[in-house]
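First comes the structure, then the notes that go with it.
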Amino acid sequence: MHELGVTQQLLKIALQYANEAEAVRINQLTIVIGELSSIVDDSVQFYWDIVSKGSIAQGSTLCFKRLSASLHCDACGHEFPLNRLEYICPECGSDRVSVASGDEFFLESIDVDLEPESTEQA
């Protein structure tokens, strides 16, 4: 259920940037979600359709980019893909590892329509 709050924040951020750009419509948002993130794409989409209603973001498309998880060995500095069965550095055998990527969740880009320039003559 935390996707509702997250989606409301996405809308707030998108509207803020669209407003600063003097956009008249938000067409698409690209959202990056790491493999270890607990964010569910379908839930965000569901809530997006509700919270964006009546705004310049209504009807916009959400594009989700998933990032794979990787670990960083704190002993030797080697970075390697997460293997859910084992959290051991394949380079040095250390179990002193930390998440290097895969827990991300952020708004990467927003595609908007801008107000057409006025063609009034003086």
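The values are calculated or read from the model by the stated rules, or taken from the named source; none is laboratory data. The structure displayed is predicted, hence computed values, not measured ones. Positions of Cβ are backbone-derived with ideal geometry, glycine not excepted, and every protein chain shown enters the neighbour counts.
For the structure I just gave you, tell me whether Gly34 is of a type in the set (Gly, Ala, Ser) and surrounded by 14 or more Cβ atoms within 10 Å (Cβ to Cβ). When the stated conditions are applied, Gly34 passes them. The set of residues in the stretch 92-115 that are outside any strand (DSSP E or B) and hydroxyl-bearing (Ser, Thr, Tyr) contains only Ser94.
Scanning the stretch 77-91 for residues that are of a type in the set (A, V, I, L, M, F, W, C) and either part of a helix (DSSP H, G or I) or surrounded by 13 or more Cβ atoms within 10 Å (Cβ to Cβ) (or both) yields Phe80, Leu82, Ile88, Cys89. Every condition in (1) surrounded by 15 or more Cβ atoms within 10 Å (Cβ to Cβ); (2) in contact with a strand residue (DSSP E or B) (Cβ under 8 Å, 6 or more places away or on another chain) is met by Tyr47 except one, and the failing one is (2).
Only residues that are surrounded by fewer than 19 Cβ atoms within 10 Å (Cβ to Cβ) and in contact with a strand residue (DSSP E or B) (Cβ under 8 Å, 6 or more places away or on another chain): list them for the stretch 7-31, please. Within the stretch 7-31, Ile13, Leu15, Tyr17, Ala21, Glu22, Val24, Arg25, Asn27, Gln28, Thr30 qualify.
Take the residues in the stretch 43-65 that are in contact (Cβ under 8 Å) with a residue 24 or more places away in the chain and assigned to a loop (DSSP other than H, G, I, E, B), then tell me which one is farthest from Lys12 (Cα to Cα). This residue is Ser60.
Determine, yes or no, whether His72 is farther than 30 Å from Pro116 by Cβ, touching a Cys at 6+ places or on another chain (Cβ under 6 Å) and modelled with pLDDT of 95 or more. The answer is no for His72.
Name every residue in the stretch 4-42 that is in a helix (DSSP H, G or I), touching a residue at least 12 places away in the same chain (Cβ under 8 Å) and under 17 Å from Lys65 (Cβ atoms), in order of residue number. Hits for the stretch 4-42 are Val6, Thr7, Leu10, Ile13, Ala14, Asp41. Here Ala57 clears all of (1) surrounded by 16 or more Cβ atoms within 10 Å (Cβ to Cβ); (2) within 15 Å of the chain's Cα centre (by Cα); (3) modelled with pLDDT of 95 or more except the condition numbered (2).
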